[in-house]
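S.K.: Got a structure here, written out as structure tokens. Questions coming.
The values are calculated or read from the model by the stated rules, or taken from the named source; none is laboratory data. Keep in mind it's a predicted model, so treat the numbers as computed, not measured. Positions of Cβ are generated from backbone atoms using ideal geometry, with glycine treated the same way; all protein chains shown enter the neighbour counts.
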Amino acid sequence: MAVANFPALQFKTCDIFGKCIKFLPLQNRNLFVKTLVVEAKANTRTESAKIRNRRMLKKFNGTPRRPRLSVFCSEKQLYAMLVDDKNKKCLFYGSTLQKSIRDNPACTTIEAAKRVGEELVKACVDLNINEISYYDRNGLARGERMQAFEIAIANFGFLPR
């Protein structure tokens, strides 16, 4: 820390106000100068993706005929939903944890993700849905499970290739 010493100052009031009264000199005071530290916090990669995803959701909302496809991929599983934002309803939900998808016959999570995509296509045919308004990956990168899911729904024509 830096220490600054200032000499005592003497003023005469007649210099300022016209009447001469002597002020006592100021006592020496030690002034401590602290350095200013500015820390910039950058957004991490996942935070930036989430912020970008929230911004995109303001533009693209699902309707009953053109729902939003929301996909979340955790470290081990994949979850997919068709969302009607206008009526606040979930039209389809599928995940790699469902026994109907996973057990018949037993498979890996990548094969289960492909089956989730096929189930989504079947649900879209039943609901008479031909296109989606927005493919929402929640800002996540495409891994093996996500790619298997995307291939299954791209064959139906949901994703432009």
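S.K.: Name the one entry in ARG102, ARG65 that is at pLDDT below 85 and basic (Lys, Arg). Explain how you work it out, then say what you get.
M.R.: Values: ARG65 fails: at pLDDT below 85.
Checking each option against the conditions leaves just ARG102.
S.K.: Same structure again: Pairs needed: first member in the stretch 124-153, without any contact (Cβ under 8 Å) to a residue 40 or more places away in the chain and closer than 23 Å to CYS107 by Cβ; second member anywhere, part of a helix (DSSP H, G or I) and charged (D, E, K, R); C-beta distance under 6 Å; at least 6 residues apart or different chains.
M.R.: Note: pairs meeting the criteria are ALA148/LYS114; ALA152/LYS114; ALA152/GLU118.
S.K.: Considering each residue of the stretch 50-60, count those that are modelled with pLDDT of 75 or more and more than 13 Å from the chain's Cα centre (by Cα), and give that number.
M.R.: 0
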